[in-house]
Amino acid sequence: MYDDNNIFAKILRNEIPCKKFYEDEFSLFIYDIAPQAKIHILGIPKIKCIDLTDFVTKADDNLISSFFKSLNLVIEKLNIKADGYRVISNSGNDGGQEVPHFHIHILAGEKIGSLR
Ligand code: 5GP
């Protein structure tokens with residue numbers, strides 16, 4: 001079940017501060033508080049969903065499409081297309097997910113190491 005008290009839910013409700021990079025009606029993109037690369041942005045859709053599969057199950061097509069178009073826009077704004085980047089989403093215990101609200105990580109600005 002979705003936990004209304006997770007950190008990203010609080011950020012979306014403006015209960016705790018964050019450094020915003022981009023925001024629109026459906027999504028919020030913020031700087032990660034503990035960056036794992038020179039550029040580390042989190043993309044968070046504004047819908048109560050736990051992980052990727054929950055997002056795709058619960059969100060309507062318009063929101064799913066909007067979220068990924070916003071991701072594309074953020075990639076353009078970050079000017080990382082030419083050098084490359086990594087987008088990941090952790091899910092559940094084995095995936096190493098810490099915050100149980102679906103989000104994607106955009107890592108860039110340097111060579112991103114191997115996944116293991
Ligand atoms: P996960 O492991 O769930 O995929 O990633 C959660 C991410 O959220 C981590 O990279 C962590 O640094 C970041 N994070 C945790 N708390 C906060 C916070 O309060 N503000 C921001 N901006 N990022 C956070």
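The values are calculated or read from the model by the stated rules, or taken from the named source; none is laboratory data. Just so you know, these numbers come straight off a predicted model, no measurement behind them. Note that we place each Cβ from the backbone using ideal geometry, even for glycine, and neighbour counts take in every protein chain shown.
Counting the residues of segment 13-35 that are touching a residue at least 24 places away in the same chain (Cβ under 8 Å) and either small (Gly, Ala, Ser) or touching a His at 6+ places or on another chain (Cβ under 8 Å) (or both) gives 2. Within segment 36-47, the set of residues being more than 10 Å from the ligand (Cβ to nearest atom) and either over 15 Å from Val99 (Cα atoms) or over 9 Å from the mean Cα position of the chain (by Cα) (or both) comprises Ala37, Lys38, Ile39, Lys46, Ile47. Against the test of being farther than 15 Å from Ser89 by Cα, more than 13 Å from the ligand (Cβ to nearest atom) and among the charged types (D, E, K, R), the options Asp61, Asp54 yield a single qualifying residue, Asp61. Entry remark, segment 24-45: residues being surrounded by 13 or more Cβ atoms within 10 Å (Cβ to Cβ), touching a helix residue (DSSP H, G or I) at 6+ places or on another chain (Cβ under 9 Å) and not β-branched (Val, Ile, Thr) number 8 in total. Can you name every residue in segment 68-99 that is among the small types (Gly, Ala, Ser), away from the ligand (no atom under 13 Å from the Cβ) and under 14 Å from the mean Cα position of the chain (by Cα)? Selection gives Ser70 alone. Mind checking whether some residue in segment 73-91 is closer than 16 Å to Phe26 by Cβ and among the aliphatic types (A, V, I, L, M)? Within segment 73-91, one or more residues are closer than 16 Å to Phe26 by Cβ and among the aliphatic types (A, V, I, L, M).
Of all the residues in segment 15-35, those that are within 13 Å of the ligand (Cβ to nearest atom) and either assigned to a loop (DSSP other than H, G, I, E, B) or farther than 21 Å from Asn72 by Cα (or both) number 9. What do you reckon, is Arg116 more than 9 Å from the ligand (Cβ to nearest atom), basic (Lys, Arg) and modelled with pLDDT under 95? Yes. Could you tell me whether segment 89-103 includes any residue that is touching a Ser or Thr at 6+ places or on another chain (Cβ under 6 Å), buried (at least 18 other Cβ atoms within 10 Å of the Cβ) and modelled with pLDDT of 95 or more? No, the conditions are met nowhere in segment 89-103.
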